[in-house]
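The next block holds one structure in the form of structure tokens; read it before the comments.
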Amino acid sequence: MTANTRPFGQTADGQTVQAIMIGTADLTVTLLTFGAAVQDVRLRGVARSLTLGGPDMAAYLGPMRYFGTVVGPVANRIAGARATIAGRGYHFPPNEGTTLLHGGASGTQTRVWGLDDATATSARLSLTLPDGQGGFPGRRQIIAEFAVMDATLTLTLSASTDAPTLMNLANHSYWNLNGTPTTAGHILTVAAETWLPTTADGIPTGEQRAVAGAFDLRKGRLINGTEGWDHNFCLYPAPRALTDVASLTGGQVRLTLATTEPGVQVYDGRALDTGAFPGHSGHPYGPFAGLALEAQRWPDAPNHPGFPPVKFDPGETYRQVTQWRFDRV
């Protein structure tokens, strides 16, 4: 156990979960080996956490199961929990009605990752998903590398597989920069020209619609909680070099999001409810307590040939870089 690591709790089957603190004089980040979660983010001079999280392992096994975790192996939704991989049809155990959400009940967010290395400013976590886990083919090896430099947190996700499969990982942190009960009053900017309308169960219709109204975030929008966001904003047709794509400002703090991914899911947190479990402030989180900005490939991609593909073959290396920069404004 390294000097910046401590026990955080145990899973229901008795596995020990570690908390790892990394950082600089400007930014400190606490990670969990459970779900490779970003549990706490602290900026120098700001007396509050900038991300939603809590001190209780039981919360992460329940209502905080997506808070800060790496979700996958396929983030977001797959309609009907069905997909074709290398010409063969697969049916996955659904976990949201008939839909597969974030890889299902045994997704990466539910697993204890191995801690391979930790220094004062970085940590490397790894996870192996056996062939057939969650219904997906292939033995998949996933690595999450976190690094802090100055006031910037960078997450590099990489993976390999020994059989054709699907891969679309995403960090699922919720952000609240002003420490108030909701994100009302924050300003959100997203550099997207189009977004994906969805059906009532959150599945993209296949249309790419030009941004307008509450979905036009190119010049920034003051959040008031009526926007109705749980949608993918289309940044680019394919992965590309690390690029600034979004910003969130609140409480005299600005978060700038950069990613290699072609989309970002904006979720307003309308259904958040941690029950009796307290967050960093000592109080439970309720609706709209945090805003999720999930850098990803587009949802339900296996069922939409025109979307950036999430197929992943042996010999390929899956790689995603997402970066959060913080400053005072």
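Rule-based calculations on the coordinates, nothing more; no lab input. Because the structure is a prediction, the values reported are computed rather than measured. Counting neighbours? That spans all protein chains shown, and the Cβs are built from the backbone with ideal geometry, glycine included.
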Task: Dipole-positive endmost among Thr128, Trp195, Asn171 within the stretch 72-222 (Cβ charges, Cα centre) - done: Trp195
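Does the stretch 1-130 come out rounded, prolate or oblate, given a ≥ b ≥ c as the square roots of the eigenvalues of its C-alpha gyration tensor, rounded meaning a/c under 1.5 and, failing that, prolate meaning a/b above b/c?
Here the stretch 1-130 falls in the prolate category.
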Task: Extreme residue, positive dipole direction of the chain, given options Met149, Pro7, Val38 (C-beta unit charges) - done: Met149
Task: Proximal charge balance of Ala123 [Cβ under 9 Å; K/R count +1, D/E count -1] - done: -2
Task: Highest-first arrangement of 116-123, 279-286, where packing means the average Cβ count within 10 Å - done: 279-286, 116-123
- [ ] Just order 44-50, 150-156, 74-80 by mean Cβ neighbour count inside 10 Å, highest at the front, would you?
- [x] 74-80, 150-156, 44-50
Task: the chain - mean residue ellipticity at 222 nm from DSSP helices (-39,500 (n - 2.57) per run, n ≥ 4, rounded to 500) - done: 0 deg cm²/dmol
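Computed from the mean reciprocal separation of all distinct C-alpha pairs, what Kirkwood hydrodynamic radius does the stretch 183-294 have, in Å? List each step's numbers first, then the result.
On the way: mean 1/r = 0.0671 Å⁻¹.
One decimal place: 14.9 Å for the Kirkwood radius.
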Open item on the list: Kirkwood Rh and Cα-based Rg: tell me the resulting Rg over Rh for the stretch 118-263, rounded to two decimals.
Closed with: 1.00
Task: Among 196-205, 223-232, the order from most to least packed when residues are scored by Cβ within 10 Å on average - done: 223-232, 196-205
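With Cβ to Cβ distances under 14 Å as the rule, what net charge do the other residues near Phe136 carry (K, R +1; D, E -1)? List each step's numbers first, then the result.
Details: positive: Arg82, Arg88, Arg111, Arg139, Arg140, Lys311; negative: Asp131, Asp162, Asp313.
Every neighbour counted, the sum reads +3.
Let's test the formula: R0 of 35 Å, r as the Cβ-Cβ distance of Thr156 and Ala86. What FRET efficiency results, to the nearest 0.05?
Details: r = 27 Å, r/R0 = 0.77.
My answer for the efficiency is 0.80.
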